[in-house]
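One structure below.
The values are calculated or read from the model by the stated rules, or taken from the named source; none is laboratory data. Computed from a predicted structure; not experimentally measured. Every residue, glycine as well, gets a Cβ built from its backbone with ideal geometry; the counts of neighbours run over all protein chains shown. Areas reflect the complete protein model, heavy atoms only, side chains present, ligands, DNA and RNA absent. Shrake-Rupley method; radii C 1.70, N 1.55, O 1.52, S 1.80 Å.
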Amino acid sequence: MTPATADPIPLRALNQVGYCQRLYFLEYVDAVMPTNEHVEDGLFEHRRVNDPELENITRKEGDTLKTRSVSLSSEKWGLTGKLDLVEEKDGRVYPVEYKRSTAPNDADGQPSFWENDALQLCGQALLLEEEMDIEIDRGIIYYIGSRERVEVPINEELRAKTALAIQRIREISERPTPPEPLPPELRHRCPGCSLVTICQPEETLYQIGRVPLPTEDRDLPAGLTRVIPQSDEGAVLYLQEQRSHVGKRSEHLVVKKDGREINRIPMAQVRQVVVFGNVQLSTQALETLTYNEIPVMYLTAYGRFIAALQPAPAKNMGLREAQYRRFADPAEALNLSKSVVRAKLTNQRTLLMRSLRSRSDDEAESTRGSDEPAARDLGELLRRLDAIESLDSLLGIEGQGAALYFGEFNRFLKVQPPGRGFEFANRNRRPPRDPVNALLSFAYALLAKDCFSALCVVGFDPYRGFFHTGRHGRPSLALDLMEEFRSVIADSVVLTLINNRTVAPEDFLTWGTACQLTDTGRRKFFQAYEQRKSTQVAHPVYGYRMSYSRMLEVQARMLAGYIRGELPRYSGFIVR
């Protein structure tokens, strides 16, 4: 494919590919473009350069003619972009590029330039040469951080490197998977990158066997940087006051009911909004939430997940194409399903053993959790997993495990005073018929919406799964992902609420055979649920700690890496 027939390359892509080829792929092939404080600061510092009132207007400042925001394209080079500034002085024309960072120093301690910045500047010079039919021998980079103008010679060496960068961009754009992360000597570039939590360089290199990863009991080796944040910033805003209205005022969300303000929340403190039932959000509020990439999740008044308003879907079609192709392969679907079921059964067995280990009840003394018959039977099911040859057989194993687990669930509950009504006989739903099942169903609904959101952030189609299949309109992949976390997040919250006597019979409404939480009961549940999601645990593969909330996205990204062929395997989350 020649540059004349290919899509034009943005000038900024030359900088990206010079900085990190993997960064170029994620940003321009997958079209993932989040922002961090460095990106926001760069946009702020460019405010005058990008002023639309100054665009393409030539002004004379002293003895120099200056033209800002000059848009140029070239079929010859296959480049396109906007030049920050073009200066003309003493009969010489040259581009000026603004960078928010600080200029490096050369061996003599004099201000110099970063090579990736020079590649972008050279691309500008090539466009300017073609547009004006002149030869340009230099350009300027103005480093805002150190307020230094650095002259860059547009010589044959830099031109050759720029041509090679253009060729490399074309090659990378044809790849189905991103290049490997930067080598150890360049890994210092990762922490400040806006895509670091998406790229996951340390985790990726560890999985493909390139580097060891630090464990909980030893320091980071030289050159190895842990880049995944331990937890998400911001809180989840739950809106359940029926017939209330949510609007926007300045940088706040304002909740009103019957014309009276009942709550005011700073937008900067919110990372997700969850709406139950008849709660109205104004167009202005929805627009602002979407602009700030804050998802809005809709559930029925009874807690069933129904929809999500997310920012525009991730543009990485390659991931979704790989998802459809590999999930349609019966062997691949079975392999992934085994990983999920293994994690689910293991986590159920762990919770069962922990819950029953200290429960003596009426026995003379407590037994070890592993001595429980249900624990032994769950262990036997795990040993049979490798021999399973069909999804139907695997579903049977998963069903047997659920029967064993919930057969003992009532024993997980502390003995309650008479009349509290927290006895558990069996799992029931649609609708749940008792307080324990009402709590379980509500917990699973919230977990489903969190898994749905994590998958959308990564770029998956949450409706095409590999284990929960055959039913249209069901977020199958979200249900697949949540299987690994049912017991360690949802069930754990339910047990905490009951055993700590946080919820009481008056926190439930019962009519006919149906049971559900009251508004007060839900508020108690939200607090316990978010507290559980903020709990930090060790990742079973990567070894270091992060919150359960962050873990959902990390698992989704691990699945994406495997689906695209970047990682050799997918491992379900197993609590330590």
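THR64 meets the stated requirement of being surrounded by fewer than 16 Cβ atoms within 10 Å (Cβ to Cβ), under 15 Å from GLY139 (Cβ atoms) and modelled with pLDDT under 90.
Annotation: of all residues in region 80-110 being part of a strand (DSSP E or B), touching a residue at least 12 places away in the same chain (Cβ under 8 Å) and more than 19 Å from ASP137 (Cα to Cα), the one that is most open to solvent (accessible area, probe 1.4 Å) is LYS82.
Take the conditions modelled with pLDDT under 90 and surrounded by 18 or more Cβ atoms within 10 Å (Cβ to Cβ) and apply them to GLN516. Does it pass? Can you show your working first?
Numbers: modelled with pLDDT under 90: yes; surrounded by 18 or more Cβ atoms within 10 Å (Cβ to Cβ): yes.
Answer is yes for this residue.
Restricting to region 150-166, and then to whatever is in contact (Cβ under 8 Å) with a residue 24 or more places away in the chain and of a type outside the set (A, V, I, L, M), can you tell me which residue is surrounded by the most Cβ atoms within 10 Å (Cβ to Cβ)? Write out each step before concluding.
Let us first name the residues in region 150-166 that are in contact (Cβ under 8 Å) with a residue 24 or more places away in the chain, namely 150, 152, 154, 158-159, 161-162, 165-166.
In the following step, the residues that additionally are of a type outside the set (A, V, I, L, M) were identified as 159, 161-162.
Details: ARG159: 14, LYS161: 16, THR162: 23.
So, considering only residues that are in contact (Cβ under 8 Å) with a residue 24 or more places away in the chain and of a type outside the set (A, V, I, L, M), the one surrounded by the most Cβ atoms within 10 Å (Cβ to Cβ) is THR162.
Condition first: open to solvent by less than 30 Å² (accessible area, probe 1.4 Å) and closer than 26 Å to GLN272 by Cβ. Can you find one or more residues in region 411-434 that meet it? Yes: region 411-434 contains one or more residues that are open to solvent by less than 30 Å² (accessible area, probe 1.4 Å) and closer than 26 Å to GLN272 by Cβ. With respect to the stated conditions, GLU332 fails to be open to solvent by 70 Å² or more (accessible area, probe 1.4 Å) and acidic (Asp, Glu).
All of ASP361, ASP386 fail the test of being modelled with pLDDT under 90 and part of a helix (DSSP H, G or I), apart from ASP386. Taking every residue in region 381-395 that is over 13 Å from ALA333 (Cβ atoms) and pairing it with any residue that is open to solvent by 40 Å² or more (accessible area, probe 1.4 Å), at least 6 positions away or on another chain, the pairs with Cβ-Cβ distances below 8 Å are LEU381/GLN400; LEU381/LEU404; LEU382/ARG342; LEU382/ARG349; LEU385/ARG342.
The C-beta contact set for region 240-260 (first residue within 12 Å of LEU281 (Cα to Cα), second residue at pLDDT 85 or above and part of a loop (DSSP other than H, G, I, E, B), distance under 8 angstrom, 6+ apart or interchain) comprises HIS245/SER282; VAL246/SER282; GLY247/SER282; LYS248/SER282. All told, SER476 meets the bar of being without any contact (Cβ under 8 Å) to a residue 24 or more places away in the chain and touching a His at 6+ places or on another chain (Cβ under 7 Å).
Condition check: open to solvent by less than 80 Å² (accessible area, probe 1.4 Å) and either part of a helix (DSSP H, G or I) or touching a residue at least 24 places away in the same chain (Cβ under 8 Å) (or both). Does PRO176 satisfy that? So PRO176 does not fit the description; no. With the condition kept exactly as written, say whether any residue in region 503-517 is among the hydroxyl-bearing types (Ser, Thr, Tyr) and over 29 Å from SER337 (Cα atoms). For region 503-517, residues among the hydroxyl-bearing types (Ser, Thr, Tyr) and over 29 Å from SER337 (Cα atoms): present. All of (1) under 41 Å from the mean Cα position of the chain (by Cα); (2) surrounded by fewer than 21 Cβ atoms within 10 Å (Cβ to Cβ); (3) outside any loop (DSSP other than H, G, I, E, B) hold for LEU127 with one exception: (2).
Residue by residue, here is whether (1) surrounded by fewer than 18 Cβ atoms within 10 Å (Cβ to Cβ); (2) not in a strand (DSSP E or B) holds:
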position	(1), (2)
TYR238	no, no
ASN263	yes, no
VAL274	no, no
GLN280	yes, no
LEU286	yes, yes
ILE294	no, yes
ILE306	yes, no
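In region 523-542, which residue that is more than 19 Å from VAL196 (Cβ to Cβ) and open to solvent by less than 30 Å² (accessible area, probe 1.4 Å) is farthest from the chain's Cα centre (by Cα)? The residue in question is PHE525.
Identify, from the list VAL436, VAL458, the residue that is farther than 30 Å from TYR570 by Cβ and aliphatic (A, V, I, L, M).
None of the other options fit; the residue is VAL436.
Among the residues of region 543-575, those identified as assigned to a loop (DSSP other than H, G, I, E, B), surrounded by fewer than 21 Cβ atoms within 10 Å (Cβ to Cβ) and at negative phi are TYR544, ARG564, GLU566, PRO568, ARG569, TYR570, SER571, ILE574, VAL575.
Name every residue in region 435-472 that is open to solvent by 20 Å² or more (accessible area, probe 1.4 Å) and more than 17 Å from the chain's Cα centre (by Cα), in order of residue number. It would help to see each step written out before you state the result.
Kept after step one, since they are open to solvent by 20 Å² or more (accessible area, probe 1.4 Å), are these residues of region 435-472: 435, 441, 444, 456-457, 461, 463-464, 468-472.
Listed by number, the residues that qualify are PRO435, SER441, TYR444, TYR463, ARG464, HIS468, THR469, GLY470, ARG471, HIS472.
Cβ-Cβ distances below 7 Å connect the following pairs, each with a first residue in region 495-512 that is outside any helix (DSSP H, G or I), a second residue that is surrounded by fewer than 19 Cβ atoms within 10 Å (Cβ to Cβ) and among the β-branched types (Val, Ile, Thr), and a separation of six or more residues or different chains: PHE508/THR518; LEU509/THR518.
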